[in-house]
């Protein structure tokens, strides 16, 4: 489940997760190569966000292994884990900006916490990162003053602060209008092409996938349902894959007996002055 050629930077092998009796991920295996943009696609509840949390170290790995940049993330702790985490950036769905800080201070935070750069050098880096995402004018604004699209870009600038090798996105276009979402999608493509960064994005937005994804991994009920380029996935023999990509579904048949029973109940309620009759 890997693109042809290139160095593998994410290697997921037989990963499974259960929450109580619910099986969320079941034997997930996939690879991501350096410099590609991969979309993990699927409906709500399919396990894609859980997989992302495992890859970025927010959930413990209880079955299988995940290697990021040659390191098994589940076996690291302390400084070794911190060093690995500093090699990738994350844009959360909510942007996760700190409201009491300006945009510039939010972007500066990873630099002040994890580097020995001077204040003047940090200021230069902050301005450069904001310029990369089209927010050069927003350095002194507060998060509350930003539109949804601007907040996403500010969160992305912070994710880029330490010049990561990998970028993870959690539903990057969620909550954005179509034009703002398209602008962010093109920015993702630009970052991949200009900086050579590897991108993994969890999403259910097909329009975005068509813009930025080199490859798609589709999840369904905790398993990989299809993988490949979007054109390759579209040729899948699995009817569910086609229904998802084409936004179609089998027509549900009406239960006529149940419908008649409800109508009869409504008639009775109407005669008795019940809730249905008064609706």
Tally the DSSP beta bridges in the chain and give the antiparallel ones as a percent, rounded to 5.
-> 50 percent
Per-residue Cβ contact counts at 10 Å, fewest first, order 65, 198 as 65, 198
How far, in degrees from 0 to 90, does helix 119-132 lean away from the longest principal axis of the Cα atoms of the chain, to the nearest 10?
-> 40 degrees
Per the helix-only calculation at 222 nm, which mean residue ellipticity applies to the chain, given -39500 (n - 2.57) for every DSSP H run of n ≥ 4 and division by its residues, nearest 500 deg cm²/dmol?
-> -12000 deg cm²/dmol
Rounded to the nearest 0.05, FRET efficiency between residue 44 and residue 121 (Cβ-Cβ, R0 51 Å) equals 0.75
Measure nothing fancy, just the Cα-based angle from helix 178-195's long axis to the longest principal axis of the chain, in degrees from 0 to 90, nearest 10.
-> 40 degrees
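Give me 128, 55 sorted ascending by neighbouring Cβ count inside 10 Å, so fewest comes first. The partial results should precede the final answer.
Values: 128 14, 55 24.
By the 10 Å Cβ count, ascending: 128, 55.
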Note on region 96-163: contact order normalised by length, alpha-carbon pairs under 8 Å, 6 or more apart, percent, works out to 49 percent
Full extension from residue 94 to residue 18: what is 0.36 nm times the residue separation minus their Cα-Cα distance, to one decimal in nm?
-> 24.8 nm
With label points set 7 Å from each Cα along the Cα-to-Cβ direction at residue 177 and residue 190, the distance between them in nm comes to 2.0 nm
Mind giving me the nanometre distance, one decimal, between the label points for residue 240 and residue 75, set 7 Å out from Cα along Cα→Cβ?
-> 3.3 nm
Going from the alpha-carbon gyration tensor of region 96-163, what semi-axes, largest first and in whole Å, does one get by taking the root of 5 times each eigenvalue?
-> 18, 12, 10
Percent of Cα-Cα distances greater than 14 Å, calculated over region 173-237 | 61 percent
Would you mind calculating the relative contact order of region 1-147 from Cα pairs under 8 angstrom and at least 6 residues apart, reporting the percent as a whole number?
-> 18 percent
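Quick one: if the Förster radius is 22 Å, what FRET efficiency do residue 87 and residue 8 give, using the C-beta to C-beta distance and rounding to 0.05? Spell out each step's value before the answer.
On the way: r = 15 Å, r/R0 = 0.68.
The value I calculate is 0.90.
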Which order do peptides 229-241, 185-197 fall in by mean Cβ count within 10 Å, highest first?
-> 185-197, 229-241
Just round it to a whole percent: the fraction of Cα-Cα distances in the chain exceeding 36 Å.
-> 27 percent
Most mobile listed residue (116, 39, 264) in the chain, GNM with C-alpha springs under 10 Å = 264
For a footprinting-style exposure proxy, rank 140, 26 by other Cβ within 10 Å, fewest first.
-> 140, 26
Taking Cα atoms, how many degrees apart are the long axis of helix 148-159 and the longest axis of the chain, rounded to 10 and kept between 0 and 90?
-> 40 degrees
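Values in this text are rule-based calculations from the coordinates and carry no lab data. Given the structure is predicted, the values throughout are model-derived calculations rather than measurements. Note that each Cβ is placed from the backbone with ideal geometry, even for glycine, and that neighbours are counted across all protein chains shown.
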